[in-house]
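Remarks on the structure that follows.
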Amino acid sequence: MLAKRQMLLGILVLSAAAGAWAQSGPAWPMRGPIKLVAVFPPGGSVDQVARILAQPLQVQLGQSVIVENKGGASGSIGAAAVAASPADGYTFAVVFDTHGVNPALIPNLPFDSKKDLPPVILVGTSPMVLATFAGSDYKTFADVVAAAKAKKNVSYGTIGSGSLGHVAMELLGKNGGIAWTHVPYKGGGPLMNDAVAGHVPLSIGSVFVTKPHIDSKRMRPLAVTTSKRSPNLPDVPTMAESGYPGFEAPAWWAVLAPAKTPPEIVRRMNEEINKALKNPEIASKLAAQGIDVVGGTPESAKTFVDRQMDIWAKVVKDNNIKAD
């Protein structure tokens, strides 16, 4: 009788354990592939950052990591899709600096940028670079300013309406009494295709997306948008050196998660991306394209991203900048 009771107790214990396992499900990330949603089309820096990260994450996590491009509306369409995804640790957004500008420029976003997409990590920052095609008459940023002030209808391309490049150029124009025409593209790839061909006389984009064309001599850099010169473009003056003291507008990339993603999953993903960023091969790929790797905690990433939103919201409001 005692043996039967012990056997019954053992069966009950095993059943309870099995029930608890079934309720909690397999440990993350054992259920299926992890998706990194790049919020811009293929060819731009967001797409490339996502693909660079996917490779080591797949090895480290022992799970497939796929990149899905979901571009449009300065990255807000892809961000909205991730915000609406299940908060189970299998969908993340890879965003660009436009994420910090969109709340001020796009009315009625279907998500709260600060509450619905908390940062997992700040991948890195970079200067943006104003450049022109190799055959252009513009040799310096001063040439661009002179042409604009002479009412020569200077136009510049960006990765999209409401992008940081758009807002930064409008701020420069208003501060300098300069009128120029914005030509929005749907991402860095399409922008660079037209910029290299001279279809748009100026482009403003990250060093990441512009530098390969500078290295190939198809593009000529005129100025960078950070207060210090870029180590990747040491001969290119800053906007501050070009007559706009104090001007600072860095590009940046971050990974975000849907709100209510379990904190332990956010921490694990943060740790794995930090590990990837310390991989010499990955760090080299990012550094070669002008990205200063940042990494760090989810909390430090949130502080940075929230501050970017606050800074550019004030610029948009004070200068009455509108999305095209």
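All of the numbers you see were taken from the coordinates with simple rules; none came from a lab. Bear in mind that the values here come from a model prediction, so they are computed numbers and not experimental data. Methodologically, a virtual Cβ is constructed for each residue, glycine included, from the backbone with ideal geometry; neighbour enumeration extends over all protein chains shown.
For the chain, take the convex hull of the Cα atoms, compute a quarter of its surface area, and give me that in nm², please. Mind dumping the intermediate values first?
Values: hull surface 73.5 nm².
About 18.4 nm², averaged over all directions.
For region 50-98, take the alpha-carbon Rg, divide it by the Kirkwood Rh, and send me Rg/Rh. Show your work: numbers first, answer last.
On the way: Rg = 11.7 Å, Rh = 11.9 Å.
With Rh from the inverse mean 1/r over Cα pairs, Rg/Rh is 0.99.
DSSP H helices in the chain with Cα extent of 15 Å or more along the helix axis and mean Kyte-Doolittle hydropathy at least -0.5? All intermediate terms of the calculation are to be shown ahead of the outcome.
Details: long enough: 2-24 (33 Å, 0.94); 45-61 (23 Å, 0.45); 164-176 (18 Å, 0.31); 263-277 (21 Å, -0.75); 298-319 (31 Å, -0.72).
For the chain, where a helix must reach 15 Å along its axis and average at least -0.5, the hits are 2-24, 45-61, 164-176.
Assuming 0.36 nm per residue, please report the length gained on full extension of the stretch Asn153 to Gln55 beyond their Cα-Cα distance. Don't skip to the answer; put the middle values down first.
On the way: separation 98, 0.36 × 98 = 35.28 nm, distance 4.44 nm.
Difference between extended and current length: 30.8 nm.
Hey, any idea what the orientation-averaged projected area of the convex hull of region 24-155's Cα atoms comes to, in nm²? Walk me through the numbers on the way to the answer.
Details: hull surface 44.3 nm².
So the Cα hull casts an average projection of 11.1 nm².
With the Cα gyration tensor of region 128-224 in hand, convert its eigenvalues to equivalent ellipsoid semi-axes via √(5λ) and list them largest first in whole Å. List each step's numbers first, then the result.
On the way: eigenvalues 72, 47, 25 Å².
The three semi-axes for region 128-224 are 19, 15, 11 Å.
Given bins 10 angstrom wide, list per bin the percent of all Cα-Cα distances in region 234-324, short to long.
Per 10 Å bin, starting at 0, the Cα pair percentages come out as 12, 32, 33, 19, 4.
Starting from 0.36 nm per residue, how many nanometres of slack lie between Asp137 and Glu299 once their C-alpha separation is accounted for? Before the final figure, lay out the partial values.
Working: separation 162, 0.36 × 162 = 58.32 nm, distance 4.62 nm.
That works out to 53.7 nm of additional length.
Let me know the charge dipole size of the chain about its Cα centre in debye, to the nearest 20, where only the beta-carbon of Lys, Arg (+1) and Asp, Glu (-1) is charged.
Details: 31 positive and 24 negative charges, 71 e Å.
Using only the charged Cβ atoms, the result is roughly 340 debye.
Specify the residue with the greatest mean-square fluctuation among Pro212, Pro103, Pro184, computed from a Gaussian network of the chain linking alpha-carbon atoms under 10 Å apart.
Pro212
Can you give the charge dipole size of region 169-311 about its Cα centre, rounded to the nearest 20 debye, using +1 on the beta carbon of Lys and Arg and -1 on the beta carbon of Asp and Glu?
Numbers: 16 positive and 14 negative charges, 45 e Å.
Charge dipole, region 169-311, about its Cα centre: 220 debye, nearest 20.
Express the Stokes-Einstein translational diffusion coefficient of region 99-173 in µm² s⁻¹, to the nearest whole number, given a Kirkwood radius over alpha-carbon pairs, 10 °C and a viscosity of 1.306 mPa s.
Working: Rh = 15.2 Å.
Approximately 104 µm²/s, per Stokes-Einstein.
For the chain, what is the calculated [θ] at 222 nm in deg cm²/dmol (nearest 500), taking -39500 (n - 2.57) for each run of four or more DSSP H residues and dividing by its residue count? If you can, show how the numbers build up before the last one.
On the way: 11 runs with 143 residues, N = 324.
One gets -14000 deg cm²/dmol as the mean residue ellipticity at 222 nm.
Put +1 on the Cβ of every Lys and Arg and -1 on every Asp and Glu Cβ in the chain; which of Asn279, Phe141, Trp253 then has its Cα farthest towards the positive end of the dipole?
Asn279
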